[in-house]
């Protein structure tokens, strides 16, 4: 664990927020109740928040809000894909903001969390004070194909295990195969997907990136495959085209040079097309936010944002 992170802290408020369609999202608030609001957006799709996610922010300055997205973590029903799209999640974030009485907040998201942060900010720019993004993922076909097939060049052993049983070894074929297996509640297939994800994320890390327990793997993978099969419910280049709505918002992009899950080219292109966004490349960093160098860069970003968020 990185020494750069702030000490562990407990929420001062938490609970479930009904968001419609029988979904309830779990949220928690930490830090300073009167501080500058920041929303932590977890990755996946399908992952969840944990106690370490609270530690990127100075608890004396920030009002830290975290939540489990639909079907994830402690949100209910677990693993539910019905009424679960990017547009639903964006609406949930706005409903949570209103329920907590927050006027504007900063978005902090990594990997899939960066996708969701951009999607929300482009739709609700008036409610956003700034953005910190890590390991940028924009849900393009190229990015998904890289994750599902391109990485076999780096991890041939793990990929062979991942692709075993599939007849069509293209990205689309693998997605169809896993979609069918997960729909059949195949827990072994969910574990194989999770093992592939873990193998990819562990490259460049001091230790292998941990994943959720097997008991929740099926639900987590069900959400992730649901989103990938549907191109994350985003039109091609939607997030690039929406950058015009973010003019003037402070933004810091933290990217690990050795990130194989979300390679640096995406973060670089985003920064090039987003005037005012600052790209901070972490040369020794991989994908994990808990990599010591990446964690240090993220904490530095939240510290640097203080002045920009409080400027008149």
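The values are calculated or read from the model by the stated rules, or taken from the named source; none is laboratory data. Just so we're clear, the structure is a prediction, and the values are computed from it rather than from any experiment. Here the Cβ positions follow ideal geometry from the backbone for every residue, glycine too, while neighbour counts run over all protein chains shown.
So the values come out like this:
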| item | result |
| --- | --- |
| Failed criterion for residue 285 (all others in (1) in contact (Cβ under 8 Å) with a residue 12 or more places away in the chain; (2) out of contact with any strand residue (DSSP E or B) (no Cβ under 6 Å at 6 or more places or on another chain) hold) | (2) |
| Residue ranges of helices (runs of 4 or more DSSP H) in the stretch 87-204 with at least 2 members more than 20 Å from the chain's Cα centre (by Cα), free of Cβ contacts under 8 Å to residues at least 60 places away in the same chain and crowded, with 16+ Cβ neighbours inside 10 Å | 156-163, 171-183, 187-202 |
| Sole residue being outside the structural domain of residue 293 (by TED's automatic domain parsing) and without any contact (Cβ under 8 Å) to a residue 60 or more places away in the chain, chosen from 18, 7, 77, 33 | 7 |
| Filtered residues of the stretch 251-269 (kept if in a helix (DSSP H, G or I) and either modelled with pLDDT under 95 or buried (at least 23 other Cβ atoms within 10 Å of the Cβ) (or both)) | 267 |
| Conditions (1) outside any helix (DSSP H, G or I); (2) in contact with a strand residue (DSSP E or B) (Cβ under 6 Å, 6 or more places away or on another chain); (3) surrounded by fewer than 19 Cβ atoms within 10 Å (Cβ to Cβ); number of the one not met by residue 248 | (2) |
| Test: residue in the stretch 296-307 that is without any contact (Cβ under 8 Å) to a residue 60 or more places away in the chain, in a helix (DSSP H, G or I) and closer than 26 Å to residue 142 by Cβ | yes |
